[in-house]
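Colleague: Handing you a structure now.
The values are calculated or read from the model by the stated rules, or taken from the named source; none is laboratory data. Bear in mind that the values here come from a model prediction, so they are computed numbers and not experimental data. Here the Cβ positions follow ideal geometry from the backbone for every residue, glycine too, while neighbour counts run over all protein chains shown. These accessible areas exclude ligands, DNA and RNA; they are computed on the full protein's heavy atoms, side chains included. Shrake-Rupley method; radii C 1.70, N 1.55, O 1.52, S 1.80 Å.
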Amino acid sequence: MKKLAVNITRLLLAATFILSGFVKAVDPLGTQYKIQDYLTAMGLHAYVPDFMTLAASVLLSAMEFILGICLLFAIKRHLVSKIVLALLAAMTLLTLWLALADPIHDCGCFGDALVLTNWQTFWKNVALLAAAIIVWKWPLDMGRLISESNQWIVMNYSAVFILVIIAGRSLYTLPQFDFRPYHVGADIREGWQRMMNGEDSPFTDFFIETLEDGEDITEQVLDAPGYTFLLVSPHLEQADDSQFDELNQIYDYCLDKGYPFYCLTASTGSAISHWREMTGAEYPFCQTDDITLKTMIRSNPGLMLMKDGQVIRKWSHNALPDETEFAGRLEDIELGHLPSDNVAQKILWILTWFVLPLVLLTIADRLWAWSQWLRSRKLKGPGKSSKHRENDNNPFNKEIIMRKKIVAGNWKMNMNLQDGIALAKELNETLKADKPNCGVVICTPFIHLASIAQFLDQDIIGLGAENCADKEKGAFTGEVSAEMVKSTGAQYVILGHSERREYYKETPEILKEKVLLAQKNGLKVIFCIGESLEEREAGKQNEVVKAELEGSVFNLSEEDFRKIVIAYEPIWAIGTGKTATAEQAEEIHAYIRSIIAEKYGQAVADDTTILYGGSCKASNAPELFAKPDIDGGLIGGASLKCADFKGIIDAWKK
Ligand code: PEP
């Protein structure tokens, strides 16, 4: 139920962030104008240059979009949920101020695509903030759509898509989706007449006045039959004049064919004169409201073509049509008609080039995960994990059980070099002849490692040490560092064994260092936890194992924790011949898994191998290993004889 709530709210947030980021990125100039409105309302506009507000516009939209994608795919769940919460908390406060003080009438959270009142925006943010709190509280309950190793593809692909394809292209040409009243296809004449009749209309601020005497010629321009070109430049002093040649050619074309051509601007007389001098412009200039001009076209300058008062084409100054496209009268050529690409085609383009590749990647990733799951099931053997039967039946579920079954030997301080080599050789030959269906590891004294590594078939038997130093290197006489262990060819190390905790006073802090160094050197850690007899008798076993995990390994990132194998070893059962009953062991293993789930999420808990250790023998191993949360054993005494150890390994075959 909790998981369902987290995932519903996560999808709601994802959809909102993706939509809001996309509509802003599709119109970077519109978003920049909105940022400038905010700065003006705060009295800061004069201090922030335009290039910074434009950069902020693009980055803000991209950030929102990518956060939405991260929520959708459940990428970097801890970090993303924190950023989303912080962002929504700030936005809720900002929009409360907007709603109370009303310095801007539309907050602009969905660009021009969806205009909300300030109070509507505030309540929307309150709802999203509640959703963000839920996701922040239980980030790991967000089900992954893609495995960690492929997340970078989704993030980079989304970043390139939103920054280059959407924002960059919209800036260079014009917004690919135009949500403003002056979009291609809009009938300005009809809308303006409605306004004149006192009806509701988005064209209230649309007027055209002559420069010379301020005569209102709006009606004359809109009522002109046929084609009219409007060159739109809110401020000529900031306009890009590099395409003046093309503009003059289009004006010549209009003169030739008899089409009216006006330059609409809100610039001063001197700016207009300067523009004329610079570009040789001979077309007439008219005055229009600057906000209206910015709304009409997101380019300075931009060109708009109307036919009978209806917008049929818009061009950015970067993408003006060239003279070859003006071959004939507008009535007879493509330019004189509404473009053939409509909104549905643009959506299809996005689906094909953005959504489809991500869907295919997700399917490929899930199929890969499925094949891994099938492999792990083969390794684990059927019927051993009834607790997770539900997951077993659903390989597409993110909670695919990947954990390995392992039987690991701990030789402790036994056997000289020759005897150790002989035992390892015997085990090597035995398991080569009769392959185990679980992972097998032998952890030996340091002195054996390098020699055994020479001949051990490490595809069948992993090799590990029983300890390593808590220091990287230096004057620590008698110590062996993690790097040294690794250099022998070993892959594993046992840390936190109760004998080291008790006799060598290894504290959680020391063990924490050891774990970090072992992982830094590429060693897989078998981390031991377990309670003493007194603690068990006082019913404190759960408390003890929890504290041991919290003290040394719960500081690890999810990625690093995933590399840890836990060994639960009740101290009272080690070397005493007293085994915990299978039920006792299962109970505490299930508890350990539950606290891992609390800390790292159910998926990590399901993937963590938890071994049982303490007088485990061939006779009791099958019963212990049959328990759903027991994934194998850490074996002391019984690992010192090949036949005994093999008997335990074979418990996985029963
Ligand atoms: C051990 O010390 O890790 C252990 C489990 O020992 P034994 O199997 O001898 O009880």
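Colleague: Explain nothing, just the number: dipole magnitude of the stretch 487-547 about its Cα centre with +1 on each Lys and Arg Cβ and -1 on each Asp and Glu Cβ, in debye rounded to the nearest 20. Numbers along the way, then the final one.
Modeller: Details: 10 positive and 10 negative charges, 76 e Å.
Dipole size: approximately 360 debye.
Colleague: Still on this structure, please answer the following. Just grab the label-to-label distance for Ser557 and Ala15, each label 7 Å out from Cα along the Cβ direction, in nm (one decimal).
Modeller: 3.3 nm
Colleague: Provide the gained length on full extension for the span Trp152 to His337, in nm with one decimal, where the gain is 0.36 nm per separating residue minus the Cα-Cα distance. Intermediate results must be reported in sequence, preceding the final value.
Modeller: Numbers: separation 185, 0.36 × 185 = 66.60 nm, distance 4.37 nm.
Separation in residues times 0.36 nm, less the Cα-Cα distance, equals 62.2 nm.
Colleague: Right, another one. At a probe radius of 1.4 Å, what is the per-residue accessible area of Glu509, in Å² to the nearest 10?
Modeller: Here the accessible area works out near 120 Å².
Colleague: Within the stretch 147-186, which residues have the backbone N less than 14 Å from the label spot 7 Å out from Asn318 along Cα→beta-carbon, could you tell me?
Modeller: Residues passing the 14 Å test: 163-176.
Colleague: Right, here's the next one. How would Lys24, Lys641 line up by accessible area, probe 1.4 Å, largest first? List each step's numbers first, then the result.
Modeller: Numbers: Lys24 20, Lys641 130 Å².
Solvent-accessible surface, decreasing: Lys641, Lys24.
Colleague: Tell me, what HN-Hα J-couplings in whole Hz come from the Karplus equation 6.51 cos²θ - 1.76 cosθ + 1.60 at θ = phi - 60° for each residue of the stretch 348-355, using x for Gly and Pro?
Modeller: 4, 4, 5, 4, 6, 9, 10, 5
Colleague: Now for a different question. Using the Cα gyration tensor of the stretch 90-157, with a ≥ b ≥ c the square roots of its eigenvalues, what is the shape: rounded (a/c below 1.5), prolate (a/b larger than b/c) or oblate (neither)? List each step's numbers first, then the result.
Modeller: Numbers: a/c = 3.59, a/b = 1.96, b/c = 1.83.
Judged from the Cα gyration tensor, the stretch 90-157 comes out prolate (a/c at least 1.5, a/b above b/c).
Colleague: On average, how much accessible surface per residue is there in the stretch 1-128, in Å², for a 1.4 Å probe, leaving out ligands, DNA and RNA?
Modeller: On the way: 5890 Å² over 128 residues.
Solvent-accessible surface per residue comes out at 46 Å².
Colleague: Between Thr268 and Asp216, what FRET efficiency comes out of the Förster formula 1/(1 + (r/R0)^6) with R0 = 25 Å and r the beta carbon distance, rounded to 0.05? Intermediate values should be presented prior to the final figure.
Modeller: Working: r = 19 Å, r/R0 = 0.78.
Taking R0 as 25 Å, the efficiency between Asp216 and Thr268 is 0.80.
Colleague: Specify the angular offset, from 0 to 90 degrees and rounded to the nearest 10, of the alpha carbon long axis of helix 269-279 from the longest principal axis of the alpha carbons in the chain.
Modeller: 80 degrees
Colleague: With all protein chains present, how much of the accessible area of the chain (probe radius 1.4 Å) comes from carbon and sulfur, to the nearest whole percent? Present the calculation step by step, with values, prior to reporting the outcome.
Modeller: Details: 17400 of 29490 Å².
Its accessible area is 59 percent carbon and sulfur atoms.
Colleague: Oh, and also: Just from its helices, what would the mean residue ellipticity at 222 nm be for the chain, if runs of 4 or more DSSP H residues each count -39500 (n - 2.57) and the sum is divided by every residue, rounded to the nearest 500 deg cm²/dmol? If you can, show how the numbers build up before the last one.
Modeller: Details: 27 runs with 316 residues, N = 654.
Here the helix-only value at 222 nm equals -15000 deg cm²/dmol.
Colleague: By how many nm would the segment from Gln120 to Ala5 grow when fully extended, if each residue of separation counts as 0.36 nm and the alpha-carbon distance is taken off? Intermediate values should be presented prior to the final figure.
Modeller: Values: separation 115, 0.36 × 115 = 41.40 nm, distance 2.38 nm.
Stretched fully, the Gln120-Ala5 segment lengthens by 39.0 nm.
Colleague: Can you give the convex hull volume per residue for the Cα atoms of the stretch 454-517, as a whole number of Å³? Mind dumping the intermediate values first?
Modeller: Numbers: hull volume 6.5 nm³, N = 64.
Spread over its residues, the Cα hull of the stretch 454-517 gives 101 Å³ apiece.
Colleague: Using the Cα gyration tensor of the stretch 585-654, with a ≥ b ≥ c the square roots of its eigenvalues, what is the shape: rounded (a/c below 1.5), prolate (a/b larger than b/c) or oblate (neither)?
Modeller: On the way: a/c = 2.63, a/b = 2.41, b/c = 1.09.
Taking the square roots of the gyration eigenvalues as a ≥ b ≥ c, the stretch 585-654 is prolate.
Colleague: Be a star and scan the stretch 8-49 for residues whose amide nitrogen sits under 14 Å from the point 7 Å along the Cα-to-Cβ vector of Ile291.
Modeller: Answer for this model: 33-41.
Colleague: Once the whole set of protein chains is in place, how much accessible area is left on Thr40, using a 1.4 Å probe, in Å² to the nearest 10?
Modeller: 80 Å²
Colleague: Assign one of three labels to the chain, namely rounded, prolate or oblate, based on the Cα gyration tensor with a ≥ b ≥ c the square roots of its eigenvalues; rounded applies when a/c is under 1.5, prolate when it is not and a/b is larger than b/c, and oblate otherwise.
Modeller: On the way: a/c = 3.29, a/b = 3.01, b/c = 1.10.
Note, shape of the chain comes out prolate.
Colleague: Counting heavy atoms of the protein chains only and a 1.4 Å probe, report the per residue accessible area for the stretch 468-541 as a whole number of Å². Don't skip to the answer; put the middle values down first.
Modeller: Numbers: 3810 Å² over 74 residues.
I get 52 Å² per residue for this part.
Colleague: Scan around Gly409 for amide H atoms under 5 Å from its own, H built in the peptide plane at 1.01 Å from N, and keep only partners 5 or more places away or cross-chain.
Modeller: HN-HN under 5 Å from Gly409: Val441, Ile442, Cys443, Ile635.
Colleague: How large is the accessible surface per residue of the stretch 248-324, computed with a 1.4 Å probe and reported in Å² as a whole number?
Modeller: Numbers: 2880 Å² over 77 residues.
Spelled out: the 1.4 Å probe surface of the stretch 248-324, per residue, equals 37 Å².
Colleague: Right, next: What is the set of long-range amide H partners of Glu506 at a cut-off below 5 Å, with H atoms built 1.01 Å from backbone N?
Modeller: Arg501
Colleague: Could you work out how far helix 244-257 tilts from the main Cα principal axis of the chain, as a 0 to 90 degree angle to the nearest 10?
Modeller: Long axis of 244-257 versus the principal axis of the chain: about 50 degrees.
Colleague: Here's another thing I want to ask about it. Probe 1.4 Å, all protein chains in place: accessible area of Ser371 in Å², nearest 10?
Modeller: It works out to around 50 Å².
Colleague: Treating the angle as unsigned and between 0 and 90°, give the value, to the nearest 10°, between the Cα long axis of helix 417-433 and the longest Cα principal axis of the chain.
Modeller: Orientation of helix 417-433: about 70 degrees from the principal axis.
Colleague: While we're here: Leaving ligands and nucleic acids out of the surface, order Leu59, Leu236 by accessible area at 1.4 Å, largest first.
Modeller: Details: Leu59 110, Leu236 10 Å².
In descending accessible area the options line up as Leu59, Leu236.
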